[in-house]
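What follows is a set of notes on a single structure, which appears directly below.
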Amino acid sequence: MDIGLLGALNVRENGASIAPTAPKPRQVLALLALRADQVVSVPTLIEELWAGTPPRSARTTLQTYVLQLRELIATALREGPDPEDAAAGSAKDVLVTLPGGYLLAAGGGASDVREFDRLR
């Protein structure tokens, strides 16, 4: 996975963009990408999305956004160089549900934020 956060959001899996156009799922992806390979807690995601005034359906809505992101990831994985390659894993291997949160597994791909931090 290649992650570009400095400038326009650009997250690619197998060369295909997985950045949604809808604002809230895009926010979720941006926060997960910013903290790639780290668990981002559900409360942190909810605070990011609704800034202290979440609806009662916040957790369910967040799960819907994660499902939408996984659909984009699954499409990118299917369109990869070898769709039959089991090593590529599934969308659930890329956007992982863990106790209390979610983790975006970058799989060693490039990240402009990490590169910036390294050079700084």
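The values are calculated or read from the model by the stated rules, or taken from the named source; none is laboratory data. Quantities reported herein were computed from a predicted structural model and do not represent experimental measurements. All Cβ positions, even for glycine, are placed from backbone atoms using ideal geometry, and neighbour counts span all protein chains on display. Keep in mind that these areas ignore ligands, DNA and RNA; they rest on the heavy atoms of the full protein, side chains included. Shrake-Rupley method; radii C 1.70, N 1.55, O 1.52, S 1.80 Å.
Does at least one position in the range 24-39 carry a residue that is exposed (fewer than 13 other Cβ atoms within 10 Å of the Cβ) and small (Gly, Ala, Ser)? For the range 24-39, residues exposed (fewer than 13 other Cβ atoms within 10 Å of the Cβ) and small (Gly, Ala, Ser): absent. The number of residues in the range 5-61 that are under 28 Å from Arg78 (Cα atoms) and of a type in the set (Ser, Thr, Tyr) comes to 4.
Given the residues Arg26, Arg35, which is the only one that is in contact with a Pro (Cβ under 8 Å, 6 or more places away or on another chain), at negative phi and not small (Gly, Ala, Ser)? Answer to the selection: Arg26.
Might you let me know whether the range 47-70 holds any residue that is basic (Lys, Arg), open to solvent by 30 Å² or more (accessible area, probe 1.4 Å), farther than 13 Å from Leu95 by Cα and free of Cβ contacts under 8 Å to residues at least 12 places away in the same chain? The answer is yes; a qualifying residue exists. Residues that are more than 20 Å from Glu115 (Cβ to Cβ) and touching a Leu at 6+ places or on another chain (Cβ under 8 Å) within the range 1-27 comprise Asn14, Pro20, Lys24, Pro25, Arg26, Gln27, listed in sequence order.
Of everything in the range 3-23, what is on the phi > 0 side of the Ramachandran plot and surrounded by 15 or more Cβ atoms within 10 Å (Cβ to Cβ)? Give them in sequence order.
The answer is Asn14, and nothing else.
When the range 100-118 is filtered for residues that are outside any loop (DSSP other than H, G, I, E, B), open to solvent by less than 30 Å² (accessible area, probe 1.4 Å) and of a type outside the set (A, V, I, L, M), the ones remaining, listed by number, are Gly101, Tyr102, Ser111.
The condition of being out of contact with any helix residue (DSSP H, G or I) (no Cβ under 6 Å at 6 or more places or on another chain) and not in a loop (DSSP other than H, G, I, E, B) does not hold for Ala36. Among the criteria (1) under 16 Å from the mean Cα position of the chain (by Cα); (2) at pLDDT 95 or above, the one Arg59 does not fulfil is (1).
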